[in-house]
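Down below is the structure, laid out as structure tokens.
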């Protein structure tokens, strides 16, 4: 399944404000991709900067992040904390965000096993043992067509069944009113940084 790198070890900035707890067991486990580069702590710090500086969120959006290239997991906001990943459901679920762009890139075979093992562990610890794709909850391509192509396989490996239903009403969180528009994507933000138009 790979190692888990804690916030302090990837150099996380502190959250802006007090984190909001969510009740356990959580109802859902959502799946995202960054639509940016895969990589290590530098990429995670860049994602956090994008979310705090450009989006106006209190912290990196995700509960956990996963790098297929290194088979490494990263603690985002961490479990039991409301994120800013899935509008209307941030106080009802955790999420995993895969580093990379899976509209364009293929998901490595080993990542299927790693993601399934994580969901299986999550099921025994927090409740849900299947992923719900971000695109099921809103108008987005996330987590990318190449992840969608293997998502049933991941969920079957994790739990023995492929379909996940969402039966709860949305529950708005404090960060739902902030920028989810996608007008400035992570990739475009990185281009601006490269051109010296924005400091991380």
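The values are calculated or read from the model by the stated rules, or taken from the named source; none is laboratory data. Predicted, not measured: the structure shown is a model, and the values here were computed from it. Positions of Cβ are generated from backbone atoms using ideal geometry, with glycine treated the same way; all protein chains shown enter the neighbour counts.
How many residues, within the range 16-39, are more than 15 Å from the chain's Cα centre (by Cα) and more than 27 Å from residue 127 (Cα to Cα)?
Just the residues of the range 16-39 that are more than 15 Å from the chain's Cα centre (by Cα), to begin with: 16-27.
Filter once more, so that each one left must be more than 27 Å from residue 127 (Cα to Cα): 16-17.
Going through the range 16-39 one residue at a time, the tally reaches 2.
Which of the numbered conditions does residue 102 fail, given that it passes all the others? Conditions: (1) modelled with pLDDT of 95 or more; (2) in a loop (DSSP other than H, G, I, E, B); (3) crowded, with 17+ Cβ neighbours inside 10 Å; (4) out of contact with any strand residue (DSSP E or B) (no Cβ under 6 Å at 6 or more places or on another chain).
Tallying (1) modelled with pLDDT of 95 or more; (2) in a loop (DSSP other than H, G, I, E, B); (3) crowded, with 17+ Cβ neighbours inside 10 Å; (4) out of contact with any strand residue (DSSP E or B) (no Cβ under 6 Å at 6 or more places or on another chain), residue 102 fails exactly one: (4).
May I ask you to say which residue of 110, 120 is more than 20 Å from residue 21 (Cα to Cα) and touching a helix residue (DSSP H, G or I) at 6+ places or on another chain (Cβ under 6 Å)? Walk me through it before giving the result.
Working: 110 fails: touching a helix residue (DSSP H, G or I) at 6+ places or on another chain (Cβ under 6 Å).
Only one candidate qualifies: 120.
Say whether the condition of being farther than 23 Å from residue 70 by Cβ, within 16 Å of the chain's Cα centre (by Cα), crowded, with 16+ Cβ neighbours inside 10 Å and modelled with pLDDT of 70 or more is met by at least one residue in the range 168-175.
The first filter runs over the range 168-175 and keeps only residues farther than 23 Å from residue 70 by Cβ, leaving 168-175.
If we keep only those that are within 16 Å of the chain's Cα centre (by Cα) too, we end up with 175.
Now narrow it down to the ones that are crowded, with 16+ Cβ neighbours inside 10 Å: 175.
If we keep only those that are modelled with pLDDT of 70 or more too, we end up with 175.
The answer is yes, given that some residue of the range 168-175 is farther than 23 Å from residue 70 by Cβ, within 16 Å of the chain's Cα centre (by Cα), crowded, with 16+ Cβ neighbours inside 10 Å and modelled with pLDDT of 70 or more.
If residue 37 passes every condition in (1) part of a helix (DSSP H, G or I); (2) farther than 21 Å from residue 118 by Cα but one, which one does it miss?
(1)
If you take the residues of the range 21-55 that are more than 22 Å from residue 143 (Cα to Cα) and surrounded by fewer than 17 Cβ atoms within 10 Å (Cβ to Cβ), which of them is modelled with the highest pLDDT?
At the first step, the residues of the range 21-55 found to be more than 22 Å from residue 143 (Cα to Cα) are 21-25, 53.
Next, from what is left, pick out any that are surrounded by fewer than 17 Cβ atoms within 10 Å (Cβ to Cβ): 21, 23-25, 53.
On the way: 21: 89, 23: 80, 24: 80, 25: 84, 53: 92.
Looking at residues that are more than 22 Å from residue 143 (Cα to Cα) and surrounded by fewer than 17 Cβ atoms within 10 Å (Cβ to Cβ), I get 53.
I'd like the full set of residues that are touching a strand residue (DSSP E or B) at 6+ places or on another chain (Cβ under 8 Å) and assigned to a helix (DSSP H, G or I), limited to the range 124-159.
Selection gives 134, 137, 147, 148, 151.
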